[in-house]
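Reviewing the structure listed below.
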Amino acid sequence: MTKEVEFVKMHGTGNDYIYVNTTVHALEKPEERAVLWSAAHTGIGSDGLVLVGLSDKADFSMRIFNADGSEALMCGNASRCIGKYVYEAGLTRKTTVTLDTLSGIKELRLKVENGEVNEVTVDMGLPEVGEAVTLEAAGRKYTGTIVSMGNPHLVIFVDDVTKTDLPAIGPLLECHPLFPSRTNVEFVQVISREKVRMRVWERGSGITQACGTGACATAVAGVVNGKTGRKTTVVMDGGQLAIDWDALSGKVYMTGEAVKVFEGKINTKSN
């Protein structure tokens, strides 16, 4: 049996996902859909699939499946896009929305102008800072800081991010034996105390234009290593995010755009 599923493609700083309202379209085998629909030439093309649903703990729920079908715990860019999605679709009139994720409840603060959400601040919660580690990949040693933002990150500071062979090094570090569940990898160049340049290899998706949790992990690692202040602009391939690691609460706040690219319908087989 074939059915038609409505979707919206959105991006946050170039990190693009396919969004489906599961209260309208209950998707079977979302892992398989993520792989098929994320394909650039034979599908819609994206970094993965995001399912928006209801929750008994928050206003809405979010499940994220990467382009390889693996399920992610959290995505800051996707969270911001959900804020825009639910407001502009008329699913809520709130400008402060709570979101149930696999890494806990997140709060979204929407900046609304003329009925449109053009910026969202996400309360990303408390980071968990791990140890500094030195790993070997492709015959070279890399020293990085382990940070969890509900999902794992390895943040490595370098002199010049353009000289990092991300396609070669990224997958080796992602799948390093130290990370049995794999990890996201960020290479970071410090521009000033208030700004850094970051490139990311995302667990399950590869090179992406941006990573919200990665930007947060980068900002935290910058403070921990004495390289940046608590308010940092993180510049990525797809744009920039403002990160504030609040000294009083210990929480990390991420602010950035959310953009609707297009909407459509796709035919899918159901069992």
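A short reminder: the numbers here are calculations on the coordinates, not readings from a lab. Quantities reported herein were computed from a predicted structural model and do not represent experimental measurements. All Cβ positions, glycine included, derive from the backbone under ideal geometry; neighbour counts span all protein chains shown.
Rg then Dmax, both in Å and based on the Cα atoms of segment 128-250: 13.1, 42.
To the nearest 0.05, what FRET efficiency results for N118 and R230 with a Förster distance of 25 Å applied to their C-beta separation? Intermediate results must be reported in sequence, preceding the final value.
Details: r = 25 Å, r/R0 = 1.00.
The calculated FRET efficiency here is 0.50.
In segment 160-192, which residues have a backbone nitrogen under 16 Å from the label point lying 7 Å from E136's Cα in the Cα-to-Cβ direction? Under 16 Å, as judged by backbone N against the label point of E136, lie 172-173, 176-178 of segment 160-192. Segment 1-52 and segment 144-178 have Cα centres lying 27 Å from one another.
Here segment 195-255 is assigned +1 on the Cβ of each Lys and Arg and -1 on the Cβ of each Asp and Glu. Its dipole about the Cα centre then comes out at about 160 debye.
Identify the trypsin sites (Lys or Arg not before Pro) of segment 72-145 meeting these criteria: DSSP loop state and at most 11 other C-beta atoms within 10 Å of the C-beta.
Numbers: sites: R80, K84, R93, K94, K106, R109, K111, R140, K141; in loops: R93, K94.
Loop-located and lightly packed - R93.
Only Lys, Arg, Asp and Glu carry charge here, each on its Cβ (+1 for the first two, -1 for the last two); on that basis the chain has a dipole of about 220 debye about its Cα centre. Approximating the spin labels as points 7 Å out from Cα along Cα→Cβ, the E4-to-H25 distance works out to 1.1 nm. Computed on the Cα atoms alone, the convex hull of segment 1-71 gives a volume of 101 cubic angstrom per residue. Relative contact order of segment 128-250: 19 percent, from C-alpha pairs under 8 Å at least 6 residues apart in sequence. Applying a threshold of 26 Å to the alpha-carbon distances of K111/K265; K57/K84; K9/K111; K163/K195 flags K111/K265 as lying beyond it.
Using only the Cα atoms of segment 1-139, build the gyration tensor, take square roots of its eigenvalues as a ≥ b ≥ c, and label the shape rounded, prolate or oblate: rounded if a/c is under 1.5, else prolate if a/b is larger than b/c, else oblate. It comes out oblate by the Cα gyration axes. Using Cβ point charges alone (K and R +1, D and E -1), the dipole size of segment 128-250 about the Cα centre works out to roughly 180 debye.
Annotation: average projected area of the chain is 14.5 square nanometres, based on the convex hull of Cα atoms across all directions.
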